[in-house]
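The values are calculated or read from the model by the stated rules, or taken from the named source; none is laboratory data. Bear in mind the structure is a predicted one, so any value in this text is a computation, not a measurement. Neighbour counts are summed over all protein chains in view; Cβ atoms, including those assigned to glycine, are modelled from backbone coordinates with ideal geometry. Heavy atoms of the whole protein, side chains included, go into the accessibility calculation; ligands, DNA and RNA do not. Shrake-Rupley method; radii C 1.70, N 1.55, O 1.52, S 1.80 Å.
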Amino acid sequence: MQENLIIGTMGHIDHGKTSLIAAMNGFWGDSFAQEQERGITLDLSFSNLSQKQKNISFIDMPGHEKLVKNMIAGAFGVDYAMLLIAANEGIMPQTLEHLRIAYLLGIRDFVVVLSKSDLVDLDRITQVKREIKRLFSEFSGLNFQIVSCSIYDKQSIQALQNLLFALPKKPHKDLGFFRYYIDRVFVIKGAGCVVSGTLMDGDLRIDEKIWCAQLGRVLGIKNLQVHNESKFIAPNGSRVAINLSGVSHQELKRGDLLTKKGYLRGFDSIEVEICAFETIEHNSKVQLFIGALRCTARILFLDKSKKFATLKTAIPIFGIFDEKFIIRDDKQTLGGGRILSPIIDPMKKSQKLQYLALLSLGDLKGAFAVLLQAHKKGFGLISAIQRFRIPQSLGLEIASEIPECFVCAKELIAYPRVAREIVRGIILKILFKNPNALLSAALLSQKQGWIAEEFARSVLEEMLVKEELNKVDSFYISPKNILGLGVDNAEEVANYFYKTIYEALQNQEFQPIAPYNLYDALDIDRQTGDSVFKRLTREKKILRLNHKLFICSDVLARLLELMRGIIKKEGYLDLTNFKTHLNLSRKYLIAYLDYLDSFSDVINTDGKRTLK
């Protein structure tokens, strides 16, 4: 497979970015008439250069100060930055701004090209190199190398190409699903809607379905192109053009996120770590850039040092932990940072600051512990990828290392110790109301959706060990239970449920409640209750009139006798006179009238029933 590098070409306006790429691969990116007329790049331009098993994708970014938003869109997903500085002009305002943006986006490796070096002497080149080294020393952790180049010197162009092809491939983290920000949308005659962007996570296959987060719907793929070649699989980290089906190019825009359905949720508030180059006031309105997306946001600082903040955004953000962003006002880049909490949790402020500080340090175990304190009823690990940028399996592993944390692997939920006490309280409350209740893990899970069966069973077993409960068959009962059921007598337990449910239906007569409501009232889990209803139906002791209405057969016989009696006495039966005899709700009356219609001697004429 061909190895691919993505290199972002950046720098001040008219420092020769487009000309340099053209000198290397013959591609003039200024395709718009306005660009060619004015001699500047207005939008992103894409081209590539191949040598044996290695390909370089160039993203040529505009250098004009009014077009920084387009430059930011191209800088996401870049492996290396190629920063052009014209030797005759040196470091200029957009040189600094582009360097700052690249730094904020996590780009740490630079090739600094001293362009137009044929216009100056050696002393000038030496001077500019010193200025560049001084500039880069202001940013921690940056790697850079400086090369002099002129588009009129083929040797220098070749030397630059050799340097670029020698750059090692950057590892791309595979999250197990693809993420792709659209940076261009266009239509091709005969093909339809086409988008371009960088595949930031995962691989993309032509037979996969794409989820557009902003549209909230699934799209199909007609074709994938990588470096102008149709591919069945587009590899992680490559520039990809996608020919989409099921959508018009007018529905999509730059910044829309394409991904796999079910992995990411959108929120209009995210918690972040800020790195500011300019003064940012609390509650100020800013422009937020994530991927190729741009939207307005309000920045609310959480601490005096202005390191941590909440961003309240105008639209939902489908962010992911450690994802980088830029913030600007109308004139300049103010700073940027990274997302720490894409899913905001209800916490006290002190807890929140502790949580964000731990995330900032990469201490996920510590962050998990804080989440467990905040979520007394447990928190889900199903969102571990979005919340912590880790697979669910690693989330389970980290949670299991926290003392007294119960991890439910099947349901992907972690429970703190206090959750056990809450469940214990629920159990004791049920038994206080109904000392003869037969409890199960399934029943507790059905009564309280946050309780996983596995966790409920653990609490029940703990109470059994402490002799707070006894056990009969597979059910847990109060020590005060007076039913006298045998410990291993499954038949006695089954007969108890059978008798309890049948008696309840008999007592409810003409107004039997829905099965699930009956189970709740009797503290019976659904599986057990359903088995009893099936047995009663099979034995014809109850009859099912509709999805939620079951009635005892002898009660129904009495009801039919009453209905026929009304017809004989009053000449007909409809909804109105039926209600005068039985003051029931419409759902019961209509169900019983529909059942009466099933008999061959009953005639229904416009809602009035008579007998043949």
Whichever residue in segment 504-520 is touching a residue at least 24 places away in the same chain (Cβ under 8 Å) and within 20 Å of residue 592 (Cα to Cα) and, among such residues, is most open to solvent (accessible area, probe 1.4 Å): 511
Among (1) surrounded by fewer than 18 Cβ atoms within 10 Å (Cβ to Cβ); (2) at positive phi, the one test that residue 124 misses: (2)
Residues located in segment 291-318, provided they are without any contact (Cβ under 8 Å) to a residue 60 or more places away in the chain and open to solvent by less than 20 Å² (accessible area, probe 1.4 Å): 295, 297, 299, 308, 309, 310, 311, 313, 317
Residue within segment 521-530 that is hydrophobic (A, V, I, L, M, F, W, C), open to solvent by less than 50 Å² (accessible area, probe 1.4 Å), within 19 Å of residue 442 (Cβ to Cβ) and modelled with pLDDT under 85 present: no
Criterion: modelled with pLDDT under 90 and of a type outside the set (Ser, Thr, Tyr) - qualifying residue of 437, 399: 437
Residue in segment 178-190 that is more than 30 Å from residue 322 (Cβ to Cβ), open to solvent by less than 60 Å² (accessible area, probe 1.4 Å) and at pLDDT below 90 present: no
Single residue of segment 452-467 satisfying the filter (without any contact (Cβ under 8 Å) to a residue 40 or more places away in the chain and not in a helix (DSSP H, G or I)) that is farthest from residue 494 (Cα to Cα): 466
Segment 118-177, subset in a helix (DSSP H, G or I) and of a type in the set (Val, Ile, Thr), residue nearest to residue 236 (Cα to Cα): 157
Which numbered condition residue 280 fails, given (1) open to solvent by less than 70 Å² (accessible area, probe 1.4 Å); (2) touching a residue at least 60 places away in the same chain (Cβ under 8 Å); (3) assigned to a loop (DSSP other than H, G, I, E, B): (2)
Unique residue being out of contact with any helix residue (DSSP H, G or I) (no Cβ under 7 Å at 6 or more places or on another chain) and within 27 Å of residue 431 (Cα to Cα) when the list is 557, 521: 521
Candidates 89, 97, filtered to the one that is modelled with pLDDT of 75 or more, of a type in the set (Asp, Glu) and outside any helix (DSSP H, G or I): 89
Residue match in segment 144-167 (condition: surrounded by fewer than 20 Cβ atoms within 10 Å (Cβ to Cβ), modelled with pLDDT of 90 or more and closer than 23 Å to residue 336 by Cα): yes
Hits in segment 367-391 - residues which are more than 19 Å from residue 263 (Cβ to Cβ) and either open to solvent by 20 Å² or more (accessible area, probe 1.4 Å) or in a loop (DSSP other than H, G, I, E, B) (or both): 369, 373, 374, 375, 376, 377, 378
Single residue of 361, 394, 438, 428 found to be open to solvent by 40 Å² or more (accessible area, probe 1.4 Å), out of contact with any Pro (no Cβ under 6 Å at 6 or more places or on another chain) and farther than 24 Å from residue 344 by Cα: 428
Residues being surrounded by 16 or more Cβ atoms within 10 Å (Cβ to Cβ) and either modelled with pLDDT under 90 or not in a strand (DSSP E or B) (or both) - total across segment 209-224: 2
Residue ID - modelled with the lowest pLDDT, chosen from residues in segment 402-421 that are open to solvent by 30 Å² or more (accessible area, probe 1.4 Å) and either among the aromatic types (Phe, Trp, Tyr) or under 26 Å from residue 266 (Cβ atoms) (or both): 411
Test: residue in segment 146-154 that is closer than 14 Å to residue 15 by Cα and among the aliphatic types (A, V, I, L, M): yes
Residues of segment 568-612 classified as touching a strand residue (DSSP E or B) at 6+ places or on another chain (Cβ under 9 Å), of a type in the set (Gly, Ala, Ser) and either loosely packed, with under 10 Cβ neighbours inside 10 Å or more than 18 Å from residue 543 (Cβ to Cβ) (or both), total: 1
Members of segment 400-439 that are of a type outside the set (Phe, Trp, Tyr), in a strand (DSSP E or B) and free of Cβ contacts under 8 Å to residues at least 60 places away in the same chain: 407, 408, 413, 414
Close pairs from segment 359-373: first closer than 14 Å to residue 419 by Cβ, partner open to solvent by 10 Å² or more (accessible area, probe 1.4 Å) and assigned to a helix (DSSP H, G or I), Cβ under 7 Å, at least 6 apart: 373/351
Hey, residue 553 open to solvent by 30 Å² or more (accessible area, probe 1.4 Å) and touching a Leu at 6+ places or on another chain (Cβ under 6 Å) or not: yes
Subset of segment 199-233 [closer than 16 Å to residue 252 by Cβ and among the β-branched types (Val, Ile, Thr)]: 210, 218, 221
Positions within segment 567-612 being in contact with a helix residue (DSSP H, G or I) (Cβ under 8 Å, 6 or more places away or on another chain), aliphatic (A, V, I, L, M) and in a helix (DSSP H, G or I), in sequence order: 575, 589, 590, 593, 596
